[in-house]
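What follows is one structure encoded as C-alpha cells, with my remarks underneath.
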Amino acid sequence: EPTLMPAIVLFPLAVVREGIQSFFGFPVWWYTRGVILVAERLKQFWIFSVRMTGVSVWMRNLFVPMFGDVSIAGRIISFLLRLIMVMWKIFLLGLWALCLIALFIFYLILTFSCLLGLFYHLSGIFSV
C-alpha cells in the first residue's frame, strides 16, 4: 500500500515546481501569447486614435461648404481649411503610428535585453 506524503512536504515541492515552470515558461509566453496581446492592444489604440481625430469625417466633408456658404470664395476657403486639417491629422496619426511601432519593437527587445544584462553581470560576478 503506497504511503501518502504529508501536505507539509508536498506543498513546498509544488510551489518550487510551479516557480521553476513559471520562470522558464515566461519567455515562451512573452514571445507567443504576450506578443498577440500587445499587438491587439496596439491595434485598439490605433483604431481609437483614428476615431478620436475624426479624419474620416473631415475627408468625407472635404468638398462640403462650411456654414452653408455656397459662394465660390466660401467653397475655396472651406476646401483649403479642411484640406489643411486633414493633412495635419494624417501627419499626427503618422507620428502616433511610429510611436506604436516603437512600443512594439521595445516590447520585443525588452526580455532579450534583460536576459543579456543578467548574464553579462552574472559572468562578471563568477569571473572574479
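Values for this structure:
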{"read-out": "Rounded percent of accessible protein surface that carbon and sulfur make up, the chain, 1.4 Å probe", "value": "79 percent"}
{"read-out": "Accessible area of the chain divided out per residue, in Å², using a probe of 1.4 angstrom", "value": "82 Å²"}
{"read-out": "Within the chain, helix-based [θ] at 222 nm, where runs of 4 or more DSSP H residues each add -39,500 (n - 2.57), nearest 500", "value": "-30000 deg cm²/dmol"}
{"read-out": "³J(HN,Hα), Karplus 6.51/-1.76/1.60, whole Hz, each residue of region 108-120, x for Gly, Pro", "value": "5, 7, 4, 5, 4, 5, 5, 5, 4, x, 4, 5, 4"}
{"read-out": "Residue-count net charge about W58 - beta-carbon cut-off 12 Å; Lys, Arg +1, Asp, Glu -1", "value": "+3"}
{"read-out": "Evaluated over the chain, the Cα radius of gyration and Dmax, each in Å", "value": "28.1, 99"}
{"read-out": "Relative packing of peptides 6-16, 44-54 - highest average C-beta neighbours within 10 Å first", "value": "44-54, 6-16"}
{"read-out": "Karplus-derived HN-Hα couplings along region 8-24 (A = 6.51, B = -1.76, C = 1.60, θ = phi - 60°), whole Hz, x at Gly and Pro", "value": "5, 8, 5, 4, x, 5, 5, 5, 5, 4, 5, x, 5, 4, 5, 5, 7"}
{"read-out": "Degrees between helix 33-53 axis and first principal axis of the chain (Cα, 0 to 90, nearest 10)", "value": "20 degrees"}
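The values are calculated or read from the model by the stated rules, or taken from the named source; none is laboratory data. Note that this is a predicted model, so its numbers are computed, not measured. All Cβ positions, glycine included, derive from the backbone under ideal geometry; neighbour counts span all protein chains shown. In case anyone asks, the SASA skips ligands and DNA or RNA and just uses the protein heavy atoms, side chains included. Shrake-Rupley method; radii C 1.70, N 1.55, O 1.52, S 1.80 Å.
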